[in-house]
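I have placed the structure first, in the form of structure tokens, so that the comments after it can refer back to it.
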């Protein structure tokens, strides 16, 4: 399969918010994946272009299988138990799979405990790389 996910909010999933298997191809662009069992998992020979996403408060940000191929850029990871993890027994940290432009800052959501994953007007997720903001939802206006 070949799928593009753009500007989705996926939250409170018991398992991964996004799971790719076999020889699937995907583009994950500006999504907010928060409070899940995992952010995105790339199994088998999956291929993915992953940019401009926020992955927060999940057990694992990105889970990789050795045969997967990913290009990561301008993703924000915060509050996860592990950000980049290689599957195995036991799973191991995989910092070499991180995107060179990925960031690790708190996103500054309006009210994540109440399901409001919009960015605050002063969030550091605004104007990152070529993106006007990271994640699925634009920041709230600073004008009353």
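The values are calculated or read from the model by the stated rules, or taken from the named source; none is laboratory data. Quick caveat: nothing in here was measured; it's all calculated off a predicted structure. When we count neighbours, we look across all protein chains shown, and the Cβ atoms used for this are built from the backbone with ideal geometry, even at glycine.
The table that follows gives values for the structure above.
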item: Answer from 49, 44 - the residue that is modelled with pLDDT of 95 or more, over 23 Å from residue 118 (Cβ atoms) and not in a strand (DSSP E or B); result: 44
item: Residue match in region 37-52 (condition: in contact with a helix residue (DSSP H, G or I) (Cβ under 9 Å, 6 or more places away or on another chain) and over 18 Å from residue 97 (Cα atoms)); result: no
item: Region 76-102 residues that are assigned to a helix (DSSP H, G or I), paired with ones that are buried (at least 17 other Cβ atoms within 10 Å of the Cβ) (beta carbon under 6 Å, 6 or more apart); result: 95/84; 97/64; 97/84
item: The one condition in (1) closer than 14 Å to residue 42 by Cβ; (2) in a loop (DSSP other than H, G, I, E, B) that residue 124 fails to fulfil; result: (1)
item: Count of region 110-132 residues which are farther than 19 Å from residue 60 by Cα, crowded, with 16+ Cβ neighbours inside 10 Å and in contact (Cβ under 8 Å) with a residue 40 or more places away in the chain; result: 3
